[in-house]
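The values are calculated or read from the model by the stated rules, or taken from the named source; none is laboratory data. Computed from a predicted model, the values in this text were never measured in an experiment. Don't worry about glycine lacking a Cβ; one is built from the backbone with ideal geometry, like all the others, and counts go over all protein chains shown.
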Amino acid sequence: MLARPFPTRLLPALAAIALVAGCATQPTAEITRFSLGQPIPRDTIALEPQAAADAGSLAFGAVAAAIAPEFAAIGFAPAPPASAAYIGVIGIAETVRTAAPGGASLSVGGGSGGVGGGVTVPVGGNRAGEIRQTVLSIRIRRRSDSTTVWEGRAVQDRPANAATGITTIAPALARALFADFPGANGATVKVKTR
């Protein structure tokens, strides 16, 4: 029996399927950034939680330690709050929602916008179709006059039963948030996380 040649008309469809499959394995985050539109001189920075109640907590300490190298990668050196040129205000929250038919979603839990209190656990375990949304917000303000010079927000959805913990996802979101720092002012873009 003679072998039939592969139908070349199927190649574009197969390429599209491969592209979609490749994209599905690479997580992305939706990034929005704002700045004063002026250069931001790199200097020292101290990290603090968005929610004052989280100051000194183990949860915030773990997130700050995980994110600190990302600040260093863009030129900000760690320093004590009393002597730092900038304060990096960090908020991280997670919520779990269930996608309803038609793309609408129902919130199963909510976050406070801080560290710790913003983590929710889905009722009844992780069911198929539940999505965990992690939001990392970072604000950089001058310590001398409290002026915010830059702020950004990274939002990522992943399966609710994903094994990735908050201290693992936080650096990936910070890296995405700081990509091409300071980034386009006011633009929302999708950035691959790694």
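Observations on the structure shown:
- Within segment 23-64, tally of residues that are surrounded by fewer than 14 Cβ atoms within 10 Å (Cβ to Cβ) and of a type in the set (Ser, Thr, Tyr): 1
- Residue in segment 54-62 that is closer than 19 Å to Ala170 by Cα, assigned to a strand (DSSP E or B), of a type outside the set (Asp, Glu) and at pLDDT 50 or above present: no
- Restricting the first member to segment 139-164 and to residues that are touching a residue at least 40 places away in the same chain (Cβ under 8 Å) and within 14 Å of Glu94 (Cα to Cα), and the second to residues that are assigned to a strand (DSSP E or B) and among the β-branched types (Val, Ile, Thr), the beta-carbon pairs closer than 7 Å and six or more apart or on different chains are Arg153/Thr32; Arg153/Val135; Ala154/Ile31; Val155/Val135; Gln156/Thr134; Ala160/Val96; Ala160/Ile131.
- Flag if Ala84 is crowded, with 16+ Cβ neighbours inside 10 Å and either assigned to a loop (DSSP other than H, G, I, E, B) or at pLDDT below 90 (or both): yes
- Test result for Ala128, modelled with pLDDT under 95 and aliphatic (A, V, I, L, M): yes
- Condition met for Ala73 (at pLDDT below 95 and closer than 19 Å to Ala172 by Cβ): no
- If you go through segment 66-92 and keep only what is farther than 16 Å from Pro41 by Cα, in contact (Cβ under 8 Å) with a residue 40 or more places away in the chain, out of contact with any helix residue (DSSP H, G or I) (no Cβ under 7 Å at 6 or more places or on another chain) and among the small types (Gly, Ala, Ser), you end up with just Gly91.
- Per-region count, segment 146-168, residues assigned to a strand (DSSP E or B), among the hydrophobic types (A, V, I, L, M, F, W, C) and under 11 Å from the mean Cα position of the chain (by Cα): 2
- If you go through segment 32-53 and keep only what is closer than 20 Å to Ala176 by Cα, of a type in the set (A, V, I, L, M, F, W, C) and assigned to a strand (DSSP E or B), you end up with Phe34, Ile45, Leu47.
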